[in-house]
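A short worksheet on the structure shown next.
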Amino acid sequence: MDLIKPKTMPGVMELLPLEQIAFQNMLDTIRRTYERFGFLPVETPVMEYTKVLLTKSGGETERQVYFAQSTGALQQERQPELAMRFDLTVPLARYVAEHERKLIFPFRRYQIQRVYRGESAQRGRFREFYQCDIDVIGKDKLDLYYDAEIPAAIYTLFRELDFGKFTIHMNNRKLLAGFFAHLGIEDAQQQMLVLREVDKLDKRGRGKVVETLLAEPFSLAQDTVDQLMNFVGSGEGRTNRETLAALRELGIEQEQWLVGLNELTQVITQLEQLDVPEDYVNINLAIARGLDYYTGTVYETLLDDHPKLGSVCSGGRYENLAGYYTKSKLPGVGISIGATRLFFQLMDAGLVNLGQNSVKVLVTQMDPSLQEDYLQITAALRAGGINTQLMVEGGKFQKQLKFADRSGIRFTLIMGEKEKAEGYVTVKDLTKGEQLEIPRDQLVARLQALIDG
RNA sequence: GAGGGUGUAGCUCAGUGGUAGAGCUCCGGAUUGUGGCUCCGGCGGUCGUGGGUUCAAACCCCAUCACUCUCCCCA
């Protein structure tokens, strides 16, 4: 019989156990921090009704949606009425609209689940990946304070994750739109297209972007492009206070511009009051976010030492989340971490600590005639809350140690005739290469101390 | 959706017409209570698939599939 080649589809991340432990530690940290900031857990189904999912999308997103249908229905040639979610924001909108009467506003939820996109294969792009979202949804209105709280949570989280220095880049869509209007670019579509180009500044470089904007179909005037570039660069090499002052000095009276400037000023001020250090937050007028539903503050987080990873966490403010599902006005602000890509790239850069098995202790079988003791010790350690594995097969002692080493299990318990006769157990620390003798009745407490230490 | 590249052992890759290779991994051993290092041995491939040329094809030709990179878009 021909063997079938065992392989996963491209664009999914599958991990070995020690890697999975590291990944789960990361997710645990994210969950813990979100909860500390007062967000409540929500899960939604992987599949939604096609109608619900494909409301506002169209174009790019719709091309990437996986449809789902039972084989029975497909045989009847029915159109798929189910599709798999491509992000967590659309399901959130449906969730809030559906349960509006039962929720308490402002509603703050976190959601850590996988989403699905029919991406074409490319490094760091996944077809199945984790998003870790927080959002705050208001009824009718939502205080601007939350625009500061979201990055404050992200600041705390990334400090905790300990991937090195990072910067939360912030901008405001109203400020941008106001500036565009001031330049005479009034059309929202046109603004959007110019924004997308500007958003690529760090990737394509200033020269290329200027070139594109001067040429068809943009055909902007040289003077307009100069002003634009000048404006976009006005955050560079300045503190946020200096940037805000410089923007004010432009003396633009356009209405949206003024609103945007005030919003940005308040958010920056409140971030200071929330004890987020200045050098972790940067007003960056070049970031715009491609997504069209953002209407105010936008965020993008980058690791300073690894700019090539791109944004590892981004989001923003939207005026009305669930307009397709309810007549209620539900403004919100939120952010999303692409945990799969983040982890994958961190692992690639060698920044993930691998090798920590969740099993802490391996009980070896030095002498098969003492098996009863080994079983009892194993049971006692487990009862004491220590993750313990018994080397059931026994075998050559060298092999047993090698097993522990390769498995990433830090401590091995050794007890032969000698230890048995004198009532103690030898504990070997494979990380330090040291071993010590511990009386059997103190074993659980002393081991726990070693694990914690 | 547009344009490039690559398919040989589990992994990374040599091999351009004459019996299929290396390194790493994995398994076993180096005398009886001590892992990582070293040394020795072993397992493992219808050379992506189908057809063609040839006495002879991993290698040349045609087709096809898969993977991959850039652009686009995103986390």
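What the table below lists for this structure:
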read-out: So A:A153, is it within 18 Å of A:A322 (Cα to Cα), open to solvent by less than 20 Å² (accessible area, probe 1.4 Å), part of a helix (DSSP H, G or I) and within 16 Å of RNA strand B (Cβ to nearest atom); value: no
read-out: Some residue of segment A:330-347 being more than 10 Å from RNA strand B (Cβ to nearest atom), in contact with a Lys or Arg (Cβ under 9 Å, 6 or more places away or on another chain), assigned by TED's automatic domain parsing to the domain that holds A:Y49 and open to solvent by 20 Å² or more (accessible area, probe 1.4 Å); value: no
read-out: Residue that is at pLDDT below 95, outside the structural domain of A:I21 (by TED's automatic domain parsing) and in contact with a Gly (Cβ under 9 Å, 6 or more places away or on another chain), where the choices are A:G408, A:G395; value: A:G408
read-out: Only listed residue being out of contact with any Gly (no Cβ under 7 Å at 6 or more places or on another chain) and on the phi < 0 side of the Ramachandran plot, chosen from A:E263, A:E216; value: A:E216
read-out: Subset of segment A:113-145 (residues that are free of Cβ contacts under 8 Å to residues at least 40 places away in the same chain and open to solvent by less than 60 Å² (accessible area, probe 1.4 Å)); value: A:V115
read-out: Single unsatisfied condition, A:V136 versus (1) modelled with pLDDT under 95; (2) in contact with a strand residue (DSSP E or B) (Cβ under 6 Å, 6 or more places away or on another chain); (3) aliphatic (A, V, I, L, M); value: (1)
read-out: Qualifying positions in segment A:429-439 - open to solvent by less than 100 Å² (accessible area, probe 1.4 Å) and either near RNA strand B (Cβ under 8 Å from one of its atoms) or modelled with pLDDT of 95 or more (or both); value: A:D429, A:L430, A:G433, A:I438, A:P439
read-out: Index of the failed condition, A:N387 passing every other in (1) more than 8 Å from RNA strand B (Cβ to nearest atom); (2) at pLDDT 95 or above; (3) farther than 16 Å from A:S358 by Cβ; value: (3)
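The values are calculated or read from the model by the stated rules, or taken from the named source; none is laboratory data. Only a predicted model underlies this, so the values are computations on that prediction, with no experimental measurement involved. Note that each Cβ is placed from the backbone with ideal geometry, even for glycine, and that neighbours are counted across all protein chains shown. Each accessible area value is taken on the protein alone, full model and side chains, heavy atoms only, with ligands, DNA and RNA left out. Shrake-Rupley method; radii C 1.70, N 1.55, O 1.52, S 1.80 Å.
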